[in-house]
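Below: one structure, written as structure tokens.
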């Protein structure tokens with residue numbers, strides 16, 4: 001089981017992004033239906049490369065189990081009472097990679113380009129520091145140029161390219177890029 005965060009952030013809290021007010025709050029077990037609704041409304045291109053099919057109720061149920069076990073930490077973004085995105089930090093479970101965390105950022109198209117990814121990443125970096133994590137890893141298909149640019153702007157650096165290691169929902173293989181961020185240098 002992962003360590004508890006000592007973060008002083010109190011959720012929920014509100015922020016402005018692109019001139020619009022957004023609420024950030026921690027995901028709870030009651031958010032399963034909202035997560036399914038959010039995921040099922042995403043464009044097909046956004047779903048092609050998800051490591052876990054969050055349009056599947058069983059996958060969301062497992063996500064909630066991992067929340068309870070403190071293996072995953074998810075911050076939800078709401079606009080006008082509707083879920084429009086999330087940022088998740090996955091604490092590695094293997095002993096030899098216990099210093100690593102995985103980051104996932106996923107936003108609805110209508111709230112992209114407003115700085116929310118940066119805000120969510122900052123929250124997750126802070127949480128990673130609290131947990132004593134040293135490095136955050138993001139994995140994505142090399143075809144996801146927009147996602148790669150977002151993570152590069154956040155300070156992630158490409159570390160590896162693995163040929164044909166991702167298979168999409170249409171059974172087509174793609175190259176996998178692994179990017180990382182050194183948490184020990186994070187200062188916001």
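The values are calculated or read from the model by the stated rules, or taken from the named source; none is laboratory data. Only a predicted model underlies this, so the values are computations on that prediction, with no experimental measurement involved. In this analysis, Cβ positions are derived from the backbone assuming ideal geometry, glycine residues included, and neighbour counts consider all displayed protein chains.
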**Message:** One residue is enough: does the stretch 56-68 have a residue meeting the conditions closer than 14 Å to residue 181 by Cβ, outside any strand (DSSP E or B) and at pLDDT 90 or above?
**Reply:** no
**Prompt:** In the stretch 156-167, is there at least one residue being at pLDDT 90 or above, at positive phi and in a strand (DSSP E or B)?
**Reply:** yes
**Request:** Evaluate the following for residue 127: is it at pLDDT below 95, in a helix (DSSP H, G or I) and within 30 Å of residue 21 (Cβ to Cβ)?
**Result:** yes
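Take residue 115 and decide whether it is on the phi < 0 side of the Ramachandran plot and in contact with a strand residue (DSSP E or B) (Cβ under 9 Å, 6 or more places away or on another chain). Full working, then the answer.
Values: on the phi < 0 side of the Ramachandran plot: no; in contact with a strand residue (DSSP E or B) (Cβ under 9 Å, 6 or more places away or on another chain): yes.
For residue 115, the condition - on the phi < 0 side of the Ramachandran plot and in contact with a strand residue (DSSP E or B) (Cβ under 9 Å, 6 or more places away or on another chain) - is not met.
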**Residues of the stretch 81-121 satisfying the condition of being surrounded by fewer than 15 Cβ atoms within 10 Å (Cβ to Cβ) and either in a strand (DSSP E or B) or at pLDDT 95 or above (or both)** = 82
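Do we have residue 74 as surrounded by fewer than 18 Cβ atoms within 10 Å (Cβ to Cβ), in a strand (DSSP E or B) and either modelled with pLDDT of 95 or more or over 13 Å from the mean Cα position of the chain (by Cα) (or both) here?
On the way: surrounded by fewer than 18 Cβ atoms within 10 Å (Cβ to Cβ): no; in a strand (DSSP E or B): yes; either modelled with pLDDT of 95 or more or over 13 Å from the mean Cα position of the chain (by Cα) (or both): yes.
Answer is no for this residue.
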**Asked** Any residue at all in the stretch 157-176 that is buried (at least 18 other Cβ atoms within 10 Å of the Cβ) and within 16 Å of the chain's Cα centre (by Cα)?
**Response** no
**Item:** Residue list for the stretch 41-77, filter: farther than 21 Å from residue 142 by Cα and touching a residue at least 60 places away in the same chain (Cβ under 8 Å)
**Value:** 41, 69, 70, 71, 73, 75
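Could you list all residues from the stretch 130-146 that are in contact (Cβ under 8 Å) with a residue 40 or more places away in the chain and either part of a loop (DSSP other than H, G, I, E, B) or within 19 Å of residue 52 (Cβ to Cβ) (or both)?
As a first pass, look at the stretch 130-146 and keep what is in contact (Cβ under 8 Å) with a residue 40 or more places away in the chain: 130-141, 143-144.
Those that are in contact (Cβ under 8 Å) with a residue 40 or more places away in the chain and either part of a loop (DSSP other than H, G, I, E, B) or within 19 Å of residue 52 (Cβ to Cβ) (or both): 132, 133, 134, 136, 137, 138, 139, 140, 141, 143, 144.
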